[in-house]
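Scroll down for the structure; my scribbles are underneath it.
The values are calculated or read from the model by the stated rules, or taken from the named source; none is laboratory data. Since we're looking at a predicted model, the values are computed, not measured. As a convention, Cβ positions derive from the backbone with ideal geometry for all residues, glycine included, and neighbour counts pool all protein chains shown.
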């Protein structure tokens, strides 16, 4: 391919509404064009990278025994109604009617459709296991689409689904997909972590996210640098920081703290570290009748150490809060504790409330807490002596850097990550809801055990750029770069010698299997170089008349900036060696 025949449209500046590095660089490089909020054209450069990602995904999934199919973008409401998700999915699922007034959804995911395939096509245990996947456009009507292709409304996704006889077989399918995903992201060339994760709205009870490490990531990941332990911060286990509870050493004292409402302000006023105070959070669990009317509200007081944050996901696993909760209103707080927020604590609330304490809090002694009286806090508070032991002790906080790793192999570190893949073990959640069964070896019908496996194809583009960029532009991992190499012919229109040698090297690189573009534009060298540094082609070869007179061409690596002057005949070998080395 020659640049004069290709579509290049680079910009010096990104549009003012571009938010993150990947969005800015993709727009500047001419890879995408915004059509509407969260909806983009993918131009030739971007599409080349997308196709390379898809090829890697297909290769590894086919190798793992998965079978590619294609399911419709438009999905009938009846299938979604069988699982109850027609109403539960919320406004992210775009609903529409055809000319006959029948309800459809623009597919956000395809569990229902693929389960319908299984119940009609897979009749016997002899046909199992089966693993179907597709690479297909999805649409999710995000309330606030942002970050370019990383949180758009229309995107390309690989979604796959496994069907097995029993839980053990489903676990093997899960493990096979987990291993395939590792190979996929390693081949793409991304720094990533596979982290234990919550199953979310899709459901199931085993789940891992594949997170690309990047400072701009939306998700926080806790991991141990000395082991394989990694988990989404919402799921990472927080071990108690105090092994035992010390004996009381101070009397309970009611101290005036006028105007000091936050933990940081109170401890600063008292001259104590933040680790000495207990933070009180009040939650409300509502019970409703069949019409959705609230018939009863239970108040919960959750306690974490002052330097820690409540983990809402963990809190939601407490009996009494599993059905859902909200933060209590100020009126509910005043009614149950006798004062406004800022001075709340577990000692003698005005009305009985349920108390759940974090594992670290239950081992604290001589701690500070609110006195349930505006302008006052207690110091020297102790469990057993000054207040009852908590009703529930549980891990309800977020981990922080430096916490002990749950696997006992070091301390946790925290990184930011961008989720690009997710694997779930679903069990029979969907097969049971849709009565999808097969005849087992004993002749009896059984529900399929299912797994679900997704990769954000277009999100990988954004994530790769967020992880790989510099002041000049994109620094692509070679495996998904639009082109692996570019031959820049300086003075193409003026020198037949340059044209001939640049063309010869271009054809030699292509013959050696290197995905190469020949820049035959009559542009100044600075313009050429700036374009390819912005676009991020990994290997640049410059052919100029002056260099050819000296018997050399110039080679430069985009990633490490190494510049070499080489004999033309040594050029192909140099590029192949760099590619083999993973550069």
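Counting only strands (runs of 3 or more DSSP E) that fall entirely inside the range 162-280 and contain at least 1 residues that are under 31 Å from the mean Cα position of the chain (by Cα), the qualifying elements are 192-196, 206-213, 219-223, 230-232.
Condition check: buried (at least 21 other Cβ atoms within 10 Å of the Cβ), in contact (Cβ under 8 Å) with a residue 40 or more places away in the chain and out of contact with any helix residue (DSSP H, G or I) (no Cβ under 6 Å at 6 or more places or on another chain). Does residue 416 satisfy that? Criteria not met by residue 416. Across the range 367-384, the qualifying residues are those that are touching a strand residue (DSSP E or B) at 6+ places or on another chain (Cβ under 7 Å) and in a loop (DSSP other than H, G, I, E, B), and the one among them that is surrounded by the most Cβ atoms within 10 Å (Cβ to Cβ) is 371. Can you find, within the range 531-552, the residue that is farthest from the chain's Cα centre (by Cα) among those that are assigned to a loop (DSSP other than H, G, I, E, B) and surrounded by 21 or more Cβ atoms within 10 Å (Cβ to Cβ)? Checked the range 531-552; the qualifying residue farthest from the chain's Cα centre (by Cα) is 544. Exactly one residue among 26, 74 is under 20 Å from residue 154 (Cα atoms) and exposed (fewer than 14 other Cβ atoms within 10 Å of the Cβ), and that residue is 74.
Please state which one of 58, 48 is touching a residue at least 60 places away in the same chain (Cβ under 8 Å), assigned by TED's automatic domain parsing to the domain that holds residue 15, in a helix (DSSP H, G or I) and crowded, with 18+ Cβ neighbours inside 10 Å. Residue meeting the stated conditions: 48.
Test residue 504 against the criterion of being farther than 30 Å from residue 23 by Cβ, out of contact with any strand residue (DSSP E or B) (no Cβ under 8 Å at 6 or more places or on another chain), part of a helix (DSSP H, G or I) and modelled with pLDDT of 95 or more, and give yes or no. Considered against the rule, which asks whether it is farther than 30 Å from residue 23 by Cβ, out of contact with any strand residue (DSSP E or B) (no Cβ under 8 Å at 6 or more places or on another chain), part of a helix (DSSP H, G or I) and modelled with pLDDT of 95 or more, residue 504 comes out as yes.
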